[in-house]
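S.K.: For reference, the structure I am asking about is given below.
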Amino acid sequence: MMEDVILWTDDGRPSPLLLKLMRDVVSGLGHLHDLEILHQDLKPQNILITEKPLVAKLSDMGSCTNYGTSGWRAREMFLPGRLQTPATDMFSFGCVLFFCVTGGKHPFEKPCDFNILNNTMDLSPVASIPEAHDLISGLLNPDPILRPTASEVLRHPFFSDASDRAVKVPHSTDAPKPVKEIGRFPAILMESYKVVSQFCKKEDVFRKCLKFLK
């Protein structure tokens with residue numbers, strides 16, 4: 001049983017576990033797309049969660065339908081031609097991600113298909129989570145060319161670990177005075193040097209590099 005699984009924090013934000021499960025889903029999509037395979041019917045019912053360990057896996061890859069399920073299909077599926085691409089799956093993932101982050105809400109209120117076709121959505125439930133709002137709005141872009149790919153989604157700040165966000169890359173105005181006069185790029189180098197020297201100074205490879213630089 002999964003009664004003790006925490007998917008949302010007390011303030012309503014997605015828990016690290018929920019983010020991990022969503023990463024599993026988009027990683028699965030990315031693997032399919034790398035193999036030039038489309039899922040074609042991504043929706044919450046087609047995501048299976050295994051126990052010990054908890055892993056999200058994709059199922060029912062468009063085997064029973066050619067155009068997906070009502071309410072989860074991309075806008076282009078309602079247009080002449082109905083051309084399915086990896087971006088079509090990414091739109092569906094945007095709906096699924098919104099559903100999971102909000103605890104069961106849909107970005108397109110009923111009638112969903114009509115609102116998807118007319119790009120009428122309500123993302124206000126995730127307005128308090130800027131990273132989620134930015135990612136989901138990109139995934140639900142009516143223009144499939146502008147939607148992020150699976151690999152781009154995984155690199156989005158919404159899925160970054162807390163440790164990743166803890167390292168601040170400064171602008172040149174944060175650098176020492178001599179570096180400010182040179183510009184932004186050296187400032188980034190200086191910050192990188194400080195981080196590496198702090199955490200890697202005992203590593204043989206880094207010590208050899210220091211000797212080389214001297």
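S.K.: Leu135 is checked against (1) within 9 Å of the chain's Cα centre (by Cα); (2) surrounded by fewer than 18 Cβ atoms within 10 Å (Cβ to Cβ) and fails just one. What number does that condition carry?
M.R.: Single failed check for Leu135: (2).
S.K.: Based on what the data block shows, is Ala56 surrounded by 14 or more Cβ atoms within 10 Å (Cβ to Cβ), over 16 Å from Val126 (Cβ atoms) and touching a strand residue (DSSP E or B) at 6+ places or on another chain (Cβ under 8 Å)? Steps first, answer last, please.
M.R.: On the way: surrounded by 14 or more Cβ atoms within 10 Å (Cβ to Cβ): yes; over 16 Å from Val126 (Cβ atoms): yes; touching a strand residue (DSSP E or B) at 6+ places or on another chain (Cβ under 8 Å): yes.
It is true that Ala56 is surrounded by 14 or more Cβ atoms within 10 Å (Cβ to Cβ), over 16 Å from Val126 (Cβ atoms) and touching a strand residue (DSSP E or B) at 6+ places or on another chain (Cβ under 8 Å).
S.K.: Can you name the residue in segment 83-131 that is buried (at least 24 other Cβ atoms within 10 Å of the Cβ) and of a type in the set (Gly, Ala, Ser) and is also nearest to Leu42 (Cα to Cα) among such residues?
M.R.: Here the answer is Ser92.
Matching residues to (1) without any contact (Cβ under 8 Å) to a residue 60 or more places away in the chain; (2) within 22 Å of Ala132 (Cα to Cα); (3) among the hydrophobic types (A, V, I, L, M, F, W, C); (4) assigned to a loop (DSSP other than H, G, I, E, B):
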position	(1), (2), (3), (4)
Gly30	no, yes, no, no
Leu38	yes, no, yes, yes
Lys57	yes, yes, no, no
Tyr67	yes, no, no, yes
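Values quoted throughout were computed directly from the atomic coordinates according to the rules given, and no laboratory measurement underlies them. Being a predicted model, the structure only gives us computed values, none of them experimental. Please note: Cβ atoms are built from the backbone with ideal geometry, for glycine as well, and neighbour counts cover all protein chains shown.
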